[in-house]
1. Going Cα to Cα from B:Lys16, which lysines come in below 19 Å? Please leave out same-chain ones fewer than 8 positions away.
2. From Cα pairs below 8 angstrom and at least 6 apart in sequence, can you work out the relative contact order of chain B, rounded to a whole percent?
3. Along the principal axes of its C-alpha atoms, what lengths does chain A span, in descending order and rounded to whole Å?
4. So for B:Tyr235, B:Tyr199, fewest C-beta neighbours within 10 Å to most, what's the order?
5. Peptide A:214-220: average number of partner chain Cβ atoms within 10 Å per residue?
6. Quick one: 3J(HN,Hα) in Hz for the range C:227-241, Karplus 6.51/-1.76/1.60 with θ = phi - 60°, rounded, Gly and Pro as x.
7. Pull up the DSSP beta bridges for chain B and report the antiparallel fraction as a percent, rounded to 5.
8. Tell me, what is the percent relative contact order of the range A:19-108, built from C-alpha pairs under 8 Å that lie six or more residues apart?
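Values quoted throughout were computed directly from the atomic coordinates according to the rules given, and no laboratory measurement underlies them. Values in this document were obtained by computation on a predicted structure and should not be read as measured data. Heads up, the Cβs are rebuilt from the backbone with ideal geometry, glycines too, and the neighbour counts pull from every protein chain shown.
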Amino acid sequence: MSVTTSSSLPSEALTAGQLPKHTAIAMLVVAVAITAGVLALFGAAGPASVIVVGALLFLVAMFALSGAVEGIRKAKDRMARYVVTGFFIIALFPLVSLIWQTIAKGLERMDAQFFSYSMRNVIGEGGGAVHAIWGTLIVTGIAGLISVPIGLFTAIYLVEYSGRGRLAAAIRFFVDVMTGIPSIVAGLFAYTLFSFVFGPGTNSGFAGAIALSVLMIPTVVRSVEEMLRLVPNELREASYALGVPKWRTIAKVVLPTALAGIVTGVVLSVARVIGETAPLLVTAGITSSLNVNPFADPMATLPVFVYYQYITPGVPQDPFYARAWAGALTLILIVMGLNAIGRLIAWKFAPKTGR
Amino acid sequence: MSKRIELKDLNIFYGKFHAVKSVNMTIEPRAVTAFIGSSGCGKSTVLRSINRMHEVIDGAYVEGQVLLDGVDLYDKAVDPVRVRRHIGMVFQRPNPFPTMSIRENILAGVRLNNTKISRSEADELVEQSLRGANLWNEVKDRLDRPGSGLSGGQQQRLCIARAIAVSPDVLLMDEPCSALDPISTLAIEDLIKELKETYTVVIVTHNMQQAARVSDSTAFFNLKAHGQPGELIEYGPTEKIFHNPDQKATEDYITGRFG
Amino acid sequence: MSTTDAEATTSQPNDTTDDLTSLRHSRRRFGDKVFKGISSGSGTLILVILAAVATFLVGLSIPALTADAEDLQYGEFWSYALPFAFGTVWAATLAMVFAVPVAIGIALFISHYAPRRLAQGLGYIIDLLAAVPSVVFGLWGINTLAPMMRPLYVWLADNFGELPVLGWFFTGPVSGTGRTILTAALVLAVMVLPIITAISREVFLQTPRLHEEASLALGATRWEMIRQAVLPFGTPGIVSACMLGLGRALGETMAIAMVLSPAAVIHFELLTSSNPNTIAGNIALAFPEAFGLGINQLIATGLVLFIITLAVNMTARWVLSRRKEFSGAN
């Protein structure tokens with residue numbers, strides 16, 4: 001562990017066993033610059049290759065330098081830090097790239113027409129997704145109306161009534177099973193259910209809502225259950241001690257205390273299913289006109305609209321692609337908006353127990 | 001208002017576990033009765049069985065009788081929910097309802113039971129209860145603020161006010177000062193002495209000085225051995241229990257030669 | 001807590017017990033009964049729904065398994081389903097190969113490397129990935145990722161395509177669009193990343209502080225502390241997180257249906273334009289044109305998928321529940 005080895009860099013006139021604070025950043029700049037230069041000589045300098053090769057060069061150089069100056073243990077520690085940080089940056093790439101792409105390509109058709117026209121009689125340019133937006137709102141709304149009461153009361157049963165009963169154990173187990181149902185399988189279930197009742201080939205918004213409910217119920221149960229368990233038992237006891245019956249205690253003390261968390265959980269689970277595509281593909285189907293009756297005829301929804309606009313474009317293709325991206329941007333805005341609302345509620349109305 | 005409580009051959013169980021063995025005692029009205037004893041000896045359990053709070057725990061049950069002015073609270077015809085309206089309770093840690101204001105906390109017992117009450121009656125009840133808990137002067141200007149914004153001692157007095165707002169006959173207190181600082185404790189102790197004018201007060205405490213300060217009678221509970229049910233060892237006037245107990249175990253506990 | 005109700009169900013007003021019992025009594029109990037009934041009814045309804053899901057899937061799968069091969073739209077069932085089952089497992093496995101190390105790295109970054117004040121915000125950023133609808137991932141996969149990866153694929157095929165063993169994976173000719181199973185797996189990896197990260201992060205944060213400090217006090221570097229204290233403690237949690245991510249990857253439909261240019265093949269080639277489709281992807285693509293027994297066949301493949309994901313998820317829950325027993329937490 002000598003301090004005076006490795007003469008290639010100016011930064012080694014230092015106290016023993018310590019690299020100066022900004023060595024890593026300097027090294028990163030140097031490594032990327034060298035890589036860019038060398039790759040340019042071979043005519044292979046793309047931004048991706050410079051970053052990848054530069055990062056590898058940086059890791060190797062830092063390991064060597066740190067190993068020489070600070071010792072092998074410290075060098076390993078540095079490697080772990082850089083790799084872990086690098087992974088985080090790698091994960092940012094798809095997120096940034098995806099959002100950037102969607103905004104860049106989606107803005108073109110984010111116009112009044114997109115939000116006021118359906119695809120009825122549209123074969124090329126123009127048209128809009130108003131039918132699909134309505135469809136998404138209707139289908140998700142019905143799914144919410146089905147899932148929230150079932151999920152809420154099931155969670156109440158699990159937390160407030162069941163104790164360690166056998167029914168509760170069964171419900172917990174099967175809610176877990178339900179969480180793992182692939183979305184396409186939920187769609188197939190709703191499709192077969194409705195084929196069975198109304199005859200084969202039936203598409204309707206309601207079938208889509210049933211499919212989404214199958215996906216949404218377990219998430220509602222889980223989040224509400226978690227929130228109810230956070231309500232201190234002392235509050236229930238305080239209420240019982242005032243001579244309040246159990247059901248009023250639940251309705252007037254437990255639920256209001258957990259309300260913010262419950263609302264957040266519900267909003268987040270709506271956000272989760274509102275972007276579901278596969279189950280709606282096989283249940284609600286697609287149509288080019290506005291259909292607000294969930295009980296008859298196919299109903300377009302935003303994700304399915306995006307899918308078909310992109311997968312089965314007409315000629316010319318560009319207006320279809322533009323509509324697909326605009327639909328995708330709308331969808332992302334809705335989902336992120338819901339997520340933001342959910343977190344805002346959780347943050348703003350966090351229980352003020354004052355302890 | 002104030003009523004006499006008699007425990008007759010009371011045995012208390014958590015599922016298979018026999019927690020307390022055959023307690024017999026009479027708790028006098030217009031007096032403060034203190035339950036003392038080491039941790040896990042069943043004193044809180046006995047207290048919770050008096051207003052049937054014991055049985056909200058899964059698998060817990062009671063054998064024997066608890067009589068409130070001669071009426072058996074464990075009679076088949078008795079509704080535990082109504083028992084709790086007659087026998088109020090204050091808990092170890094102050095537990096105001098976090099979603100309610102000070103005013104709403106006081107009215108909780110009335111409102112949660114859906115009893116109709118006029119605005120003026122409600123105002124009167126709030127003031128009366130808060131005065132009864134020596135809290136009125138401190139909070140009268142902020143009745144609509146959350147109860148959780150008060151100090152620990154104020155919160156505990158708020159909980160006492162909440163309990164007396166449903167005009168019970170008996171007030172049970174489960175270590176009401178154990179989470180409070182000495183000054184708040186003093187305020188609560190003063191309050192307890194006033195409360196006994198109107199209510200039968202039963203208090204569980206770990207603090208023997210407190211029992212000596214506030215109570216008229218004292219009951220000492222103990223375990224024979226770990227895993228055995230708790231028992232009532234000795235019960236009598238506080239003066240006697242603290243200065244001239246009949247039982248060796250009581251004397252050991254009082255003088256600190258124990259647990 | 002139910003004993004409260006059980007003990008006083010059959011109660012009549014009793015004159016001798018003055019106002020402790022009263023007529024209001026029975027009405028109150030009625031409210032309790034209704035509320036409890038609705039709650040346990042909802043729970044039971046969930047069991048009924050799941051039973052219905054299972055019944056319909058199994059019931060409608062049977063015709064596809066019992067009918068003669070020549071009557072079936074897609075021919076004999078198992079030879080039809082096998083390539084898709086293979087594709088499902090293969091794509092999900094590839095996705096996990098990419099996602100697991102990155103996800104664990106990110107989870108460590110957030111729990112043990114990032115500044116405390118930033119950690120939660122960074123967590124939200126990764127969670128944002130979970131909020132992106134799968135159809136948008138599909139669009140991004142075709143439009144951005146596939147063309148971007150293609151030069152790398154060409155380079156991989158040129159350099160490794162002829163080698164033994166590696167040649168199985170990297171042989172050419174490289175797909176002209178880049179829409180290969182490797183691209184699809186990368187999209188899947190991005191999609192399961194937030195799931196694995198979120199759970200691992202929680203587990204890492206639960207590492208007993210004493211273990212960490214004990215390790216640091218012995219002079220360990222941060223990385224040594226992580227290897228001594230954090231990773232051993234978190235291993236079952238990581239395993240379980242990965243299983244849940246795997247379950248998601250197996251069932252993911254749209255990213256595959258949109259990104260992959262599919263074929264009914266079984267091979268390990270990563271870069272060509274003939275890629276094994278997945279069960280979910282195939283259902284999405286084939287369902288609109290399916291008729292008669294063909295629909296039953298697709299439903300039967302859905303059942304196969306359900307069983308695969310169920311097995312994976314159950315394993316994950318089992319591992320996680322064992323961890324709870326051992327750690328003694330909660």
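1. Within the straight-line cut-off, B:Lys16 pairs with B:Lys43, B:Lys224.
2. About 28 percent, as a whole number.
3. Computed over chain A, the largest-to-smallest principal extents equal 80, 70, 35 Å.
4. B:Tyr235, B:Tyr199
5. On the way: counts 5, 0, 0, 5, 2, 0, 0.
So the per-residue partner count for this stretch is 2.
6. For the range C:227-241, the Karplus curve yields 6, 7, 10, 6, 5, x, 5, x, 3, x, x, 5, 4, 5, 4 Hz.
7. On the way: 25 of 44 bridges.
If I count the DSSP bridges inside chain B, around 55 percent turn out antiparallel.
8. Details: 48 pairs, mean separation 20.7, N = 90.
For the range A:19-108, the relative contact order is 23 percent.
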